[in-house]
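These notes are about the structure you will find just below.
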Amino acid sequence: QVQLVESGGGLVQPGGSLRLSCAASGNIFSIKAMGWYRQAPGKQRELVAVITSGGSTNYTDSVKGRFTISRDNAKKMVYLQMNSLKPEDTAVYYCNADLLPLATLKWVNYWGQGTQVTVSS
């Protein structure tokens, strides 16, 4: 079964750091873009950061200079290093990726189950 599984969320004080990880599992032939989205209570889900298979990155303005997205293609993983966290970063963070399962050889966009990040003193 092809899926994305996140880990690394939790409670952190303002100014602190967290590192989110997302593993793509199952029989996957290829992966294109991988990214992180977040959804705060009462708000729409928004793109936080995205990284292409070639390593090009893009960030939403509010996290530039504080968050870093990276990936390990061999391990089929994507990471989000979050520094200088602020209360407004509090949200459920979702991993997202375009995967090519071996079973179908058709590109499909997948979502992880989400991991809670809470920034509070």
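The values are calculated or read from the model by the stated rules, or taken from the named source; none is laboratory data. Note that this is a predicted model, so its numbers are computed, not measured. FYI the Cβ positions are ideal-geometry reconstructions off the backbone, even for glycines, and counts take in every protein chain you see. Areas reflect the complete protein model, heavy atoms only, side chains present, ligands, DNA and RNA absent. Shrake-Rupley method; radii C 1.70, N 1.55, O 1.52, S 1.80 Å.
All C-alpha pair distances within the chain, sorted into 5 Å bins from zero, spread as 2, 12, 23, 24, 18, 11, 6, 3, 1, 0 percent across the bins. Annotation note: trypsin sites (Lys or Arg not before Pro) in the stretch 73-121 located in DSSP loop regions with a Cβ neighbour count of at most 12 within 10 Å are LYS75, LYS106. If R0 equals 22 Å, the separation of the Cβ atoms of ALA40 and ASP98 corresponds to a calculated FRET efficiency of about 0.35.
At a 1.4 Å probe, what is the % contribution of carbon and sulfur to the accessible area of the chain? It is 48 percent, rounded to a whole number.
Here the simple spin-label model places points 7 Å from the Cα toward Cβ, and for LYS64 and SER84 these points are separated by 1.3 nm.
For the stretch 8-70, the Stokes-Einstein estimate of translational diffusion at 25 °C and a viscosity of 0.890 mPa s comes to 180 µm²/s, using the Kirkwood hydrodynamic radius over alpha-carbon pairs.
Pairs spanning more than 31 Å between alpha-carbon atoms, out of LYS43/LYS64; LYS32/LYS64; LYS75/LYS106: none are present. Taking the Cα centre of the chain as reference, the dipole from Cβ charges on Lys and Arg (+1) and Asp and Glu (-1) amounts to some 120 debye.
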